[in-house]
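**Student:** Could you have a look at this structure, given as structure tokens, before my questions?
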Amino acid sequence: DGQESIALVASSPHPDIKALRSAVESNANYDFQQFILSNPKDVESLKNSPKKFDLVIFHQLPSKRGVDNTIANELSALNISTLNILGSQNDLRLFNNTNSLVDIDASAAEYDQITAAFNRNFENFKLSDELQLSFDQFPPLTVPFGKYTNKPETSTLLYQRVGNITTSRPLLAVKLDGDVKRAVFTGQGIWKWKLTDYANNGSNVLFNELITKLVQYLSSKDDKRKVKIYPLKNEYSTRESIVFETQIY
């Protein structure tokens, strides 16, 4: 009855966007909208939207193309949950100033090839055993090369692995920031994970699980009501007794 509204706002087209979109749209609980800021029609559509999103995915924003950043800043000011996906178009100086999860001290145009290492101590949500094992099989991603520093209360789901060495640098990290949730994915090339999942398993079930569970965590609202009342059924006949379940905290 209540679809979550997910918006993806990107500086320019990228194959990662299609991979993310297909994963989100595999779950009927999400209404997905896409806005590519290099397309004037998408810019106009985003400006005219009601902006009642449950989650905004920023792809390579803030960008080196400064004209895109005003729109991104306006969305960030709405106090809604966000997922930042980094790439070569990001302005990392602006990113460090505007995100609350991680600082990246990186040299311009220097990148590293890394694989993902699952953090078994991560507790915010669970991933299946099959997905945890599949990270060892997924191909490398491209990340900014430099020093990464997690800000307070940031939890890391995936670490960056260089060769056989698992580093402390986050690939995917999340945080509860006041009343909203934030996440940062520091790599680009996740479309290759989608193709590898299909090549190995004949489906995208594991790739979709990673994206949809992350989106579910970020877009869901914590219910802080002291009294909760639910009917046991959505519909009753005229001869039935109507029964409610009540929880009081």
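**Student:** Within region 190-212, can one find any residue that is within 20 Å of the chain's Cα centre (by Cα) and in a strand (DSSP E or B)?
**Tutor:** Within region 190-212 (the criterion being within 20 Å of the chain's Cα centre (by Cα) and in a strand (DSSP E or B)), the answer is no, since none of the residues qualifies.
**Student:** With respect to the numbered conditions (1) open to solvent by 10 Å² or more (accessible area, probe 1.4 Å); (2) on the phi > 0 side of the Ramachandran plot, which one is the sole condition not fulfilled by LYS192?
**Tutor:** It is condition (2) that LYS192 fails.
**Student:** With without any contact (Cβ under 8 Å) to a residue 60 or more places away in the chain and under 19 Å from GLN89 (Cα atoms) as the only criterion, which of TYR198, TYR148, TYR159 stands out?
**Tutor:** Of TYR198, TYR148, TYR159, the one residue that is without any contact (Cβ under 8 Å) to a residue 60 or more places away in the chain and under 19 Å from GLN89 (Cα atoms) is TYR148.
**Student:** If I ask for residues that are touching a strand residue (DSSP E or B) at 6+ places or on another chain (Cβ under 6 Å), over 17 Å from LYS64 (Cβ atoms) and not charged (D, E, K, R), which ones from region 3-19 would you list?
**Tutor:** GLN3, SER5, ILE6, ALA7, LEU8, ILE17
**Student:** Next question. Can ASP112 be described as open to solvent by 60 Å² or more (accessible area, probe 1.4 Å) and either modelled with pLDDT of 95 or more or in contact with a Phe, Trp or Tyr (Cβ under 7 Å, 6 or more places away or on another chain) (or both)?
**Tutor:** Considered against the rule, which asks whether it is open to solvent by 60 Å² or more (accessible area, probe 1.4 Å) and either modelled with pLDDT of 95 or more or in contact with a Phe, Trp or Tyr (Cβ under 7 Å, 6 or more places away or on another chain) (or both), ASP112 comes out as no.
**Student:** While we're looking at this one, here's another question. For the list (1) within 24 Å of ASN99 (Cα to Cα); (2) at pLDDT 95 or above, I need the number of the one condition that LYS18 fails.
**Tutor:** Here LYS18 clears every test but (1).
**Student:** Also: Considering only region 155-182, state which residues are closer than 11 Å to THR115 by Cβ, modelled with pLDDT under 95 and open to solvent by 70 Å² or more (accessible area, probe 1.4 Å).
**Tutor:** Within region 155-182, just ASN164 meets the criteria.
**Student:** Here is a follow-up. Please specify each residue of region 114-142 satisfying the condition of being without any contact (Cβ under 8 Å) to a residue 12 or more places away in the chain and outside any loop (DSSP other than H, G, I, E, B).
**Tutor:** ASP129, LEU133
**Student:** Out of (1) part of a strand (DSSP E or B); (2) within 18 Å of ILE6 (Cα to Cα), the odd one out for TYR111 is which?
**Tutor:** Here TYR111 clears every test but (2).
**Student:** So which of ASN69, ASN97 ends up being more than 17 Å from GLN3 (Cα to Cα) and in contact with a helix residue (DSSP H, G or I) (Cβ under 9 Å, 6 or more places away or on another chain)?
**Tutor:** Numbers: ASN97 fails: in contact with a helix residue (DSSP H, G or I) (Cβ under 9 Å, 6 or more places away or on another chain).
Matching residue, one of ASN69, ASN97: ASN69.
**Student:** Additional query: Collect the residues in region 136-154 that are under 17 Å from the mean Cα position of the chain (by Cα) and open to solvent by less than 20 Å² (accessible area, probe 1.4 Å), keeping them in residue-number order.
**Tutor:** Across region 136-154, the qualifying residues are LEU141, VAL143.
**Student:** Now for a different question. If you check LYS221 against the conditions, is it open to solvent by 30 Å² or more (accessible area, probe 1.4 Å), within 19 Å of GLN132 (Cβ to Cβ) and basic (Lys, Arg)?
**Tutor:** Here the answer is no, as LYS221 does not meet what is asked.
**Student:** In region 222-247, which residues are more than 34 Å from the chain's Cα centre (by Cα) and assigned to a loop (DSSP other than H, G, I, E, B)?
**Tutor:** Matches in region 222-247: GLU235, TYR236, SER237, THR238, ARG239, GLU240, SER241, ILE242, VAL243.
**Student:** Does ALA106 satisfy being in contact with a strand residue (DSSP E or B) (Cβ under 8 Å, 6 or more places away or on another chain) and modelled with pLDDT under 95?
**Tutor:** yes
The values are calculated or read from the model by the stated rules, or taken from the named source; none is laboratory data. The structure presented is a predicted model; accordingly, all values stated were derived computationally and were not measured. So basically every Cβ, Gly included, is an ideal-geometry build from the backbone, and we count neighbours across all protein chains shown. Ligands, DNA and RNA are stripped out before the accessible areas are found, and what is left, the full protein with its side chains, is counted by its heavy atoms. Shrake-Rupley method; radii C 1.70, N 1.55, O 1.52, S 1.80 Å.
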